[in-house]
Each structure stands twice: as structure tokens, then as C-alpha cells.
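For reference, the structure discussed in these notes is given below.
The values are calculated or read from the model by the stated rules, or taken from the named source; none is laboratory data. Source: prediction; values computed, not measured. Ideal geometry is used to build each Cβ from the backbone, glycine not excepted, and the neighbour counts take in all protein chains shown. Ligands, DNA and RNA are stripped out before the accessible areas are found, and what is left, the full protein with its side chains, is counted by its heavy atoms. Shrake-Rupley method; radii C 1.70, N 1.55, O 1.52, S 1.80 Å.
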Amino acid sequence: MNEKFLKPYNPLETEPRIYKTWEESGYFNPDNLPERHKESFTLIMPPPNANGSLHVGHAAFVTIEDLLIRFKRMRGFKTLWLPGADHAGFETQVVYEKKIEKEGRSRFGMDPEILRSEIMDFTLGNKKFMEGQIRQLGASCDWSREKFTLDPDIIKIVYATFKQLSNDNLLYRGKRMVNWCVKHQTSLSDLECASVEQNDKLYYLKYGPFTVATVRPETIFGDVAIAVNPNDPRYKKYIGQDVVVKNPIGELTLKVIADEVVEIEFGTGALKVTPAHDANDFKLAEKNKLPIIEVIDKNGRLNEKTGKYAGMKIKEAREKVVADLEAMGLMEKIEDYKHSISTCYKCNSTLEPRVMPQWFVDVKPLAQKAIEAIAKEEIKFVPERYNKICTQWLENIIPWNISRQIVWGIPIPAKICNSCEEGIVDVENSITKCPKCGGEVRKETDTFDTWFSSGQWPFATLGYPDGKDFKAFYPTSVMETAADIVFFWVMRMAMFGLYRTGKVPFKDVYLHGLVNDKHGKKMSKSKGNVINPLEISDKFGTDAMRMGIIIGNTPASDVSFSDDKIRGYKNFANKVWNITRFVLTSVEGFDIESKPELTDTDTTIIAELAATTTDITNDIDNYRFYMAAEKIYHYIWHTFADVIIENSKVAIAGTDEKAKKSAQYTLYKILTTSLKVLHPFMPFVTEEIWAYLPHKDKKLLMIEEWPN
RNA sequence: GGGCGGUUAGUUCAGUUGGUUAGAACGCACGAUUCACAUUCGUGAGGUCACAAGUUCGAAUCUUGUACCGCCCACCA
């Protein structure tokens, strides 16, 4: 026995050394795996946003994915776990803006190219740092295949998709209602809007022969119509007529239109229509061919069409307009009103509905394919209820705004006509005249929604369409990610994967939940309950942290995480260490390669070991990682150590040679089997111990055969 | 407004198609300990499984309803 075992297990010293051994072995790369690894098993790592440090959520996915990949590797699969990093467009730009704000600078007014290159430096720096952290967590991913969302080959594939969508008439640039964030000066997709309940006022304005109810009296200068329900007897006589209404800066002539969407019961049953600043009104305007009059600008201020209110911010303008309407005797009443508004998911500021020319993808036909794939179980979710949740989301999908007015992203490869505003897809950057009107064109300055590129991640990283990896590893086996990005990411991958390759991008989707603090509360900087996984790893060892993440972590439900829990698993690592010490001492002088005749007791013990192994294998195969982890923990500590080892002491110390040999064989067999089964959960301590075991033909534990 | 998830020991959670006395980890109490390990070992306390009704020989588990917590979706201005 090595004298190393006389001291307690030291994870801090062991882990970096072991990781180096693994990495240098080359076995992270499926091409280097021994002959027995034939059937491929592919897992694409969700690329972390390269804009900060790893948090506990990253630790969760690295742990679960590494567990799965190590298990499959030992089972003899040709395992590829492909790592990556995401430039994370808007997210990263927001982080960077905050950083430069602290330095007293602002993104606005900066040369876009300079800003872009600064963010690039920032991102690449973070990316490198995070790669080190992912290594610290023990990730056995193939670094030689690592991808970044801004790699030229990825961009090429993303552009080809853009082009194909255009060819298939699924892409258009048009003036549509977008969600505009005044603070960040960009539009956002519907998924990036958070709805928040808010107490406002509902104003009843005397408006010509009507009284209309509105929460936004400051937009009256952009009104183009009054809408009523066609079946409302009060207003039937006005439908189709023009009415003159007064406002504080003059008069407007509005058309009275009828539409079923108008609720007779709500307010007065008459609705002022402001197409430029309300999504519903925009739809009404399209239907009824009404003009669109913009009165609020991109900075959230009233524009020149509003006379004396021009330049005021919305809130101030609302107060002034209300006061002026009251003075004119046009305000009938004001009620308290609770409703939901759309806010920016990053800064919580109220989003302004605005009409802007943007690029939209008509995702409906793509969604249909994804719905079919889920129905045919070509894609299966763990937990199962997500089959339904995702199907419902896909069924109600709306066109996707992929334009962002930020510099940090993949530029949209297109030209815009200066005279007719036509958007022309131009991947080759060769178009100089508008094909529609012959006008001069300018380069599009918008960038893609970051999910447009990451939505193509599985086939893009594998080199679609001609790469040998694409042929060998696509469709991927499992997509493992956080439940809160299923719509953003998983659904987009499902749609794009089917659209581009005709095949599902992954077969199983395993969703994990949020990692919360020890009382189940969400971690947040303001609450001060944020746990840094790297600190935990330094303090208790990565293996202990991994166990803490897996045990208690059921699919798509949140898991609680605390020091106390991890401490117990640190003790467990040491327990395994000491078990080894005992077993190695006990088998001294015994021929490890021999198979002696076993006592009845030992035969039973070996049979129980096999049953436990089968049980655990079955749990992992069915994504019950939390259960598998508890079972191996319990078996090693409370069956192997507390019972089997204790009971073996008589035979080991005794003179009955037959019983002694049987016990020695049994102890060693259980030790090696346990180490194998424990390896995917606690890779470092098991690999370290494995190196000191005396039997022949030993390989690295990471590529040993999983016990049957 | 619609939908989903949760509610089990002091705490965090399991409970795999309904089946003996409902489990684990941590915590707690008491005791042990030169013999692999004090990062240890043994023993133990602790639960009307949110509530109500129903199905069943049998319910934490299935049905219905209620309450509270959390999440997602939604264009009544």
C-alpha cells in the first residue's frame, strides 16, 4: 500500500493533477478511444455566455453532463462532448455597458467598430477564463473540437440558414410592431419581454361623440380612429363615419371602425386607435388600412408632431396632457387600474411598442415540423410534461424578430435600399443597387438575435453539411440544459435542426432546474445568497460539490444547495479513501488475479453487489441521476464499509485460509466495482485511487469497462 | 384570464406504474472509541404524507374540490 493513504484525501492537490492526466491521455476526444468504443454518443455542451465567471448553474450542467458522458464512455460508447462558448449578443453587451458606465463612459456616441473590438477583447478574455473553470469542475469534454459562436465557420452556416429562409419566403423585412427598450436602444423578441403587473390610471376622455378609456392619454396625438364592437347598439350609428375630436393641440378627424376585438363591457366600449404605439391598434390599422402616426421617438420622448409637448418624456407628457384635458373639460373621470405591461427582461424598464422596419422569420412552418417530431417521439423530454408544454408553445408561435440594434452580434448580411427601404439578403456582400427600384443601397447595421445563431448550434458545431463529425455524430443523443431556456434555445434548435438537416438535432432533452440556496430561495446578488461553485470546489473538493449538485436534483425542479450538504460528501470522499486503505492492507500477500473459492456469505455479497450495480445502471439510463448517486453513496458507506468490511475483519485476521482468501477477493472486487460505479459522480478521487490499485492490465479508470 | 408544478421528519428532499411498521441526507439527543477512517462507529427521538370528500380489500400514491407557495403563457384599451 502506498503511504499516501496514511494521510486524509487531499482534493486540492489531487484534482488539477488528475485533470491533466485525463487531458493528456487524449480520451476526451472520441477519435482516440480504444477499439471497443463503436456506437456514438453525442452531447453538445450548452455554450456558456462568455461574459463573466461560472456560476452555480454552470456547475450544474457541467456536473450532470460529465456524469452522463463518463457513464456512456465506460459503457463503451464513442462519446463526444463538444464544448463551446456563446458571444451572447445582447446579454454581453448589457454586461459590458454596465462595466463602462462604471468607468464613466457610455456606449452611445462611441465608434461602433471600437466598441465592438472592446467587447471582443472582453469576451475572449472571459472565454479563456471560463474554460479553466470548466476544467476545474472535471468536464471530460473534447477541447479539440471547441467552438465559439463567432467562429467564421459557424457564421458561414448561420448565414446560409438566413439565405435559405429568404429563398423559402420565410424571411421578410417589414415595418412591424416591435418591443423597444428605450434604455438599451434595441428591439427585443417576444421571449425577451417580461410582463409585470402594475397599478395605473384609466382615463375616460370625452372624444367627439364618444367617451374613450385609455391608460396612455399622451398618445392621443397619434390617434387615427375610434373602434367599437360591431354588435354594440350604442355605437352602431357611428360605424363608418368620420368624427372630429379635440385634443390640447388642436383637432383630429377620426374614422369610426368596427371590430370584434373591442370588448363591449370594458371601459365605455369605445377604443381610441393609436397604431404606432399599441400592438392591438397596429393590427386594427393593418386590417382597416389606417395610417400610422408616430408621436413618440426612440428615446421615449414625444416628437415634433405633439406641439408643446415635444421633447417631454412619456411620464411628464402624460401628466401635462391629463392636466390640460381636465382644464378643457374633456376628462370625464379617472379610475384606478391594475394591468400587465411588458418590460425589458434585463433592465425592467417599460418597453415601448414601436413600429420599425426589422427582419422577421415566419417560424410557423418550422414549428409545425417540431410539433410532429415531438408527437412522433423523435424528441423526448425528461421530465415528460415538457412534451406538452413545448407543443403548446410551438402551436402558438408568432413571427420572430431577429433584428437587434446592437453592435455585439453577428451582422445581418443584408443591404437596405435608401429609396424604397427594401431589405435585400446579401451574404456575398455583392449587391450595390436595389433590385426592386434600382436605388442606392446601404449596409444593414443590425445584428442577429443571439438565439438565431445558437439555435443552429448542434449542426453548426458538427460542420453541417459536409463535415465528417456531422456524419458521425448527428443527430446528437441528448440535450441537457436548464429548464428556463427551453423556448429560447431548445425549441429554436429543434426547429432549425429539422429545417436545415431534415433530422431532429437531439433525441432526448434532459432539463435540470435552478440551483437555489439552502432554503430553496433563488440566488441573487441583492439577497447576498449567491454561492460561487469554484469556492465550494476549493473548499470541499470538486467531487463533493458534484455530489451535492446531483443528489436532490430531480428533472426540471429546483435544487437546494448548501455548505452543510457538501461537507458530508467531502467526508464521503475521505471515507472511500480510507476504505481503500483498509482493503489494500487486507489484501497484502493475496494474489489479486486469482479467483478463490468463495464462502456462501461472500457469494451472496457479490450477488448483492451485482444487483446494486444493475439498479444504478438502470437509474442512470433513465435519467434518475439523483437516485443513482444516493444509492452508490449508501452502498459504499453503509453496506460496504459499515457491514461488509466490519464483518470481514474476523476472516482477514483469522487463520482459516479459505475464508480469508474469499474475504480478500470479495473486498477487492467490491472496491474496484464501487470505484467504477462512483467514477462518473466523483471522478477525481476514484481516478486517483485507481492509480494505486495493484491489479494488472489497468487502464485509466475513465475508460475502464462499466461493471455488468 | 388560461395552464403547469409544489405542499411528506427541525431543514433540504426521495418515495419508479396503489401493497407489510413512509425513507435518505444534514441537523438533534445519548453512548462508544488505541483494532481503515473523530472527515469515525453504535443507538435513538422526530411525520393525522396541506385540508375535505370520493374510488378501492388497501391511498403519500388515483378522482374531485379547497387553501397556500412558486413558475409559465395571454393584445380588455
**Message:** So if I place +1 on the C-beta of Lys and Arg and -1 on the C-beta of Asp and Glu, and nothing else carries charge, what would the dipole magnitude of the range A:1-71 be about its Cα centre? I want it in debye, nearest 20.
**Reply:** 160
**Prompt:** What dipole magnitude, in Debye to the nearest 20, does chain A give about its Cα centre under +1 on Lys/Arg Cβ and -1 on Asp/Glu Cβ?
**Reply:** 840
**Request:** Output the Kirkwood hydrodynamic radius of the range A:267-425, Cα pairs only, in Å rounded to one decimal.
**Result:** 20.1
**Asked** Using alpha-carbon positions, what is the distance between the centroids of the range A:98-173 and the range A:328-371, in Å?
**Response** 28
**Complete:** For residue A:273 the rounded accessible area (nearest 10 Å², probe 1.4 Å, non-protein molecules ignored) is 0
**Item:** Between the range A:572-614 and the range A:647-691, the alpha-carbon center distance in angstrom
**Value:** 3
**Asked** With no solvent and one point on each alpha carbon, what is the Debye value of log10 I(q)/I(0) for the range A:96-157 at q = 0.12 Å⁻¹?
**Response** -0.46
**Prompt:** Given C-alpha coordinates of chain A, what is the ratio Rg to Rh with the Kirkwood estimate of Rh?
**Reply:** 1.09
**Asked** Can you pull the Kirkwood radius for the range A:353-450, inverse mean 1/r over Cα pairs, to one decimal in Å?
**Response** 16.0
**Item:** List A:447, A:253, ordered by accessible area with a 1.4 Å probe, largest first
**Value:** A:253, A:447
**Asked** Do the sum for chain A: with -39,500 (n - 2.57) for every DSSP H run of n ≥ 4, divided by all residues, what is the mean residue ellipticity at 222 nm, to the nearest 500 deg cm²/dmol?
**Response** -12000 deg cm²/dmol
**Fill in**
Using eta = 1.002 mPa s and T = 20 °C, Stokes-Einstein with Kirkwood Rh from Cα pairs puts D for the range A:576-707, in µm² s⁻¹, at 142
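Quick one: of the DSSP bridges fully inside chain A, what percent are antiparallel, nearest 5?
Details: 56 of 80 bridges.
Taking every DSSP beta bridge with both residues in chain A, the antiparallel ones total about 70 percent.
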**Request:** Quick one: grab the alpha carbon gyration tensor of the range A:122-217, order the square roots of its eigenvalues as a ≥ b ≥ c, and give me rounded if a/c is under 1.5, else prolate or oblate depending on whether a/b is larger than b/c.
**Result:** oblate
**Prompt:** With no solvent and one point per C-alpha, what does the Debye sum give as log10 I(q)/I(0) for the range A:545-608 at q = 0.21, 0.27 Å⁻¹?
**Reply:** -0.91, -1.13
**Prompt:** Ignoring any ligand, DNA or RNA, what whole percent of the accessible area of chain A comes from carbon and sulfur when the probe is 1.4 angstrom?
**Reply:** 50
**Request:** Would you please give the residues with an amide H less than 5 Å from that of residue A:49, counting only those at least 5 places away or on a separate chain, with H modeled from the backbone geometry?
**Result:** A:86
**Request:** Show the residues, 5+ positions off or on another chain, whose built amide H is closer than 5 Å to the amide H of residue A:270.
**Result:** A:213
**Prompt:** Which translational diffusion coefficient, to the nearest whole µm²/s, is obtained for the range A:581-627 from the Stokes-Einstein equation, given a Kirkwood hydrodynamic radius over C-alpha pairs, 10 °C and 1.306 mPa s?
**Reply:** 120
**nm² value of the averaged projected area, convex hull over the Cα atoms of the range A:448-553** = 9.1
**Prompt:** For chain A, with the dipole built from +1 on Lys and Arg beta-carbon atoms and -1 on Asp and Glu ones, taken about the Cα centre, which of A:462, A:312, A:405 lies farthest toward the positive end?
**Reply:** A:312
**Request:** Any chance you could look up the accessible area of residue A:144 with a 1.4 Å probe, heavy atoms only, rounded to 10 Å²?
**Result:** 90
**Asked** Considering the Cα trace of the range A:1-129, what is its radius of gyration and what is Dmax, both in angstroms?
**Response** 20.4, 69
